[in-house]
1. Given the structure, is Ala167 under 24 Å from Pro58 (Cβ atoms), touching a Cys at 6+ places or on another chain (Cβ under 8 Å) and either among the aromatic types (Phe, Trp, Tyr) or surrounded by 14 or more Cβ atoms within 10 Å (Cβ to Cβ) (or both)?
2. Can you find, within region 119-164, the residue that is farthest from Asp54 (Cα to Cα) among those that are assigned to a strand (DSSP E or B) and at pLDDT below 95?
3. Residues in region 69-99 that are in contact with a helix residue (DSSP H, G or I) (Cβ under 8 Å, 6 or more places away or on another chain) and either β-branched (Val, Ile, Thr) or surrounded by 13 or more Cβ atoms within 10 Å (Cβ to Cβ) (or both): how many?
4. Can Ala31 be described as out of contact with any strand residue (DSSP E or B) (no Cβ under 8 Å at 6 or more places or on another chain), of a type in the set (A, V, I, L, M, F, W, C) and either modelled with pLDDT under 95 or in a loop (DSSP other than H, G, I, E, B) (or both)?
5. Is at least one residue of region 125-132 surrounded by 16 or more Cβ atoms within 10 Å (Cβ to Cβ), in contact (Cβ under 8 Å) with a residue 60 or more places away in the chain and within 21 Å of Cys166 (Cβ to Cβ)?
6. Name the one entry in Asn144, Asn113 that is of a type in the set (S, T, N, Q), touching a Pro at 6+ places or on another chain (Cβ under 9 Å) and surrounded by 13 or more Cβ atoms within 10 Å (Cβ to Cβ).
7. Going residue by residue through region 117-136, is there one that turns out to be among the β-branched types (Val, Ile, Thr) and more than 25 Å from Gly73 (Cα to Cα)?
Amino acid sequence: MRTNVLKVLSVLVLAGSAALLFEHSAVAFPAVGPGELLGTWNVTVSLVDCQSGDPLSPPSPPFSSLLTFNLGGTMAEDTTNPAFGPGQRGAGQGVWEIKGRETYDAKSTAFINYTTAPNPAAHNPGFEAGQQTITQTIIKDGPNKWHSTASIEFTDVNSTVYRQGCAVATAKRL
């Protein structure tokens with residue numbers, strides 16, 4: 001008899017624990033509405049002159065990136081920027097936050113794995129091994145589109161800034 005009571009109590013404790021776990025999950029991971037920044041975006045990036053906002057001369061072709069914004073304010077990004085050599089730039093990791101209605105700030109950093117000399121024919125100004133940091137302001141243009149302006153900073157392995165730049169981008173939700 002005592003064994004049956006212990007079994008019943010054990011089952012009730014496990015069932016109660018499972019219910020609390022599922023309830024906590026529902027609160028921690030709310031449903032994402034179509035107008036939020038969360039999710040993965042296909043981004044078209046153009047490098048621009050920081051002072052005027054005009055395309056760089058000679059013009060650098062636009063390139064694609066993927067940005068994924070996660071719950072909790074983290075993000076991941078990857079790019080097809082042709083200025084980097086194969087495997088030269090790693091994927092970026094970063095953070096984002098809401099700044100106002102339909103406005104967000106994001107900052108990501110990627111490793112530059114090796115140094116390359118300038119190659120103007122490939123729109124490559126040359127890069128030092130180190131890091132690239134992108135700081136951007138994103139403004140939503142509807143539930144599935146946004147645009148941004150970004151500042152870009154390159155540092156060498158000693159964290160010395162050796163180049164800065166700017167970019168504009170447009171994005172569509174995947």
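The values are calculated or read from the model by the stated rules, or taken from the named source; none is laboratory data. Because the structure is a prediction, the values reported are computed rather than measured. Methodologically, a virtual Cβ is constructed for each residue, glycine included, from the backbone with ideal geometry; neighbour enumeration extends over all protein chains shown.
1. Here the answer is no, as Ala167 does not meet what is asked.
2. Applying the filter and picking the extreme gives Asn119.
3. Summing the residues that are in contact with a helix residue (DSSP H, G or I) (Cβ under 8 Å, 6 or more places away or on another chain) and either β-branched (Val, Ile, Thr) or surrounded by 13 or more Cβ atoms within 10 Å (Cβ to Cβ) (or both) in region 69-99 gives 1.
4. Values: out of contact with any strand residue (DSSP E or B) (no Cβ under 8 Å at 6 or more places or on another chain): yes; of a type in the set (A, V, I, L, M, F, W, C): yes; either modelled with pLDDT under 95 or in a loop (DSSP other than H, G, I, E, B) (or both): yes.
In short, yes.
5. Checked region 125-132: no residue is surrounded by 16 or more Cβ atoms within 10 Å (Cβ to Cβ), in contact (Cβ under 8 Å) with a residue 60 or more places away in the chain and within 21 Å of Cys166 (Cβ to Cβ).
6. Asn144
7. no
To keep it simple, each residue is scored yes or no on (1) at pLDDT below 95; (2) in contact with a strand residue (DSSP E or B) (Cβ under 6 Å, 6 or more places away or on another chain); (3) of a type in the set (A, V, I, L, M, F, W, C); (4) assigned to a loop (DSSP other than H, G, I, E, B).
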| residue | (1), (2), (3), (4) |
| --- | --- |
| Asn42 | no, yes, no, no |
| Pro59 | yes, no, no, yes |
| Leu67 | no, yes, yes, no |
| Gly72 | yes, no, no, yes |
